[in-house]
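Taking it in order: structure first as structure tokens, then the write-up.
Each reported figure results from applying straightforward, stated rules to the coordinates on display, with no laboratory input. From a predicted model like this one, the values you see are computed outputs, not experimental measurements. Quick reminder, even Gly has a Cβ in these numbers, built from the backbone with ideal geometry, and neighbours come from all protein chains shown.
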């Protein structure tokens, strides 16, 4: 009743006066109105002074007050007063709802009615409501704003139905979800962004950068966090670092990272090829951390490309074994490793070292033995290597046919300056391996100091070094280097140490001045700690110095069945050629893909002199897991010399094989493999990232909630949307000059003055 009376007297309900503001819309400037008011007030005062003596003093003041009040009302009305009220514009206000659709959302660790829910089901209920009629975020916010709904994993996509949330996303990219939605709705008045997620980001930009996008725009981020912040007990193969291509009979070393959250007892790690178990290792979890690094070494027993699997059997109480295994592909080269061994004289070391490599079908050893100043005995060469008849190669194309060079007892003066420069180019640019053996004409005694070869050696030399000694001595390994690939003659560390401790003596040593900074000393003399075997990297290749010329004594001192001598030399040469550049190399931008993820295939094509070729015709044949093949042309990348590229879209899960060939080349096609597997990264460290999500929300002046707080979240979101709508409100003016209250007051004042004057006898 009071509200209706107020509205009748004032033309507007009380709440309009509480929301609105008083404004004057008269075209007369405020200063002019003030001057006119002052003039009128002065006139009223003058008239008051003229008749003040005819009225009692109190009555005269009452009349003056009524006249001034009437004057105020008059000038108030002349100002064209209005009540200005802002009307919210909800029809043009947007709210974006982002729902996490990645695989980690399938984990069942959200407490809800009737037991634990999967994070995905909790997200559906939060967004779309329940069958019992409870409203979700989308329906509730739709009453006050236009809601745009997205599902996101590695990228956001529009959602229309709850069924589109299937938890099949291969990875979670929180940054891209916010970035793409912000870009799509750049022109829309965005009231808030709502994100329903567990926060398990495993790809893309940082969460801080994602929040900064909304912070710069002034849009708050409201987050509903789902899941258990404490991950359940879980075993995981996090990462495998392995070569993609190795030579036949070469050891393959795997660097494996394991996670064992909640497990303190030893567990087993298995290496398999297909269903065949190749190797097992027991892992003892390290106290105080849930991460362990493991090295596994094995020798492949096949040629071509195969898929290997590192797996941890499911542990007791483990709920999510999906991430207990990872696979990798490995291509085995069946070509022979070409080695050039140039020896200055027919000594015993040449015969035994050559035999150690020649007997192995994985090596193609070409021996160049100097018999006289211009006479050489060539062993193991083919018809295309006639240039060796005159001795050491004279061009890069000739020298680059080989991947390792062994310099025996031959002096530096044998080589021309151009050949010396070629040797340095062979190591530095080609990535080849260089080994110098001890002898009377080697190292400082052979005047290599100051030459390109001397610069590459891992030992310091000078012409003043003592002469070669024919002494018999014991060589012992540097204890910290027993695990070096060259020194590892047995997988078990204790057995390996025992083999080296029982090694026969060597005969003969070339003294050197010392070890260069950055070089690794692998073997030294038991007396005097003189360097026997030292290695180092140089440019793209590797260099080794073996200062003895008597390793043949190892072979002579051991039974014929003992492979100590042969295995040592083969491991050393294999280690030297790890960085060798090939004429054709093939790679992909990843080793493991999700289905329908684009695979970028790159090939680098070099000539025989290792100069990039930009006009080659390069073809790749892709074989899918069912054996179907597809031929693709690889196009030259204009900005990169010798680099060719193609893209392939895998439709099936499993192992794929690439076979790349260059038209016109006699070389066999180069093979490589890649895998298409279901994603496992989503189950790595899959606990709710509460702190990260809280920081994101706080950075944007938004708020973080968890599933039981959903009703309060909806309430605060509605308040945020209404506040955003008010900020976009359009003002509406309601005139006040015709308020009945003002006219009644004016009439009352005039009537009261007339009565006062009548009683005083002035009317």
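Residues of the range 282-306 with backbone nitrogen within less than 14 Å of a virtual label 7 Å along the Cα-to-Cβ line of residue 567, please, listed as ranges. Within reach of a label on residue 567, which here means backbone N under 14 Å from a point 7 Å along Cα→Cβ, the range 282-306 contributes 298-299. Against the main long axis of the alpha-carbon atoms of the chain, helix 57-78 sits at an angle near 50°. Computed from Cα positions, the angle between helix 30-51 and the longest principal axis of the chain comes to roughly 20 degrees. Could you tell me which label, among [x] 290; [y] 186; [z] 157, carries the value of volume of the Cα convex hull per residue in Å³ calculated for this structure? It is the value labelled [x]. Taking Cα atoms only, the orientation of helix 207-217 departs from the longest principal axis of the chain by about 30 degrees.
Between residue 299 and residue 25, residue separation times 0.36 nm minus the direct Cα-Cα distance comes to 89.4 nm.
Each part reduced to its alpha carbon centroid, the range 517-557 and the range 311-378 end up 18 Å apart. Mind giving me the FRET efficiency for residue 590 and residue 497? R0 is 45 Å, r the Cβ-Cβ distance, nearest 0.05 is fine. The computed FRET efficiency comes out at 0.70. As a rough footprinting exposure proxy, the listed residues 102, 513 were ranked by other beta carbons within 10 Å of their own, and the order from fewest upward is 513, 102. Computed extension length for residue 744-residue 418: 105.8 nm, one decimal, from 0.36 nm per residue of separation with the Cα-Cα distance subtracted.
Here r is the Cβ-Cβ distance between residue 132 and residue 160 and R0 is 35 Å; the resulting FRET efficiency, rounded to 0.05, is 0.95. Per residue, the average separation of C-alpha pairs within less than 8 Å and at least 6 apart gives the chain a relative contact order of 15 percent. Legend: ranking of residues 479, 671 from fewest to most surrounding C-beta atoms inside 10 Å; resulting order 479, 671.
Below 8 Å between Cα atoms, with a sequence gap of 6+, how large is the relative contact order for the range 338-576 in percent? Averaging sequence separation for qualifying contacts and normalising by length gives 20 percent for the range 338-576.
Which order results if 250, 483 are arranged by neighbouring Cβ count within 10 Å, fewest first?
Least to most surrounded, the residues fall as 483, 250.
When shorter helices are ignored and each DSSP H run of at least 4 residues is given -39500 (n - 2.57), the per-residue value for the chain at 222 nm works out to -8000 deg cm²/dmol.
To check you understand DSSP bridge types, tell me what percent of the beta bridges within the range 338-576 (both residues inside) are antiparallel, rounded to 5.
Rounded to the nearest five, the antiparallel share is 55 percent.
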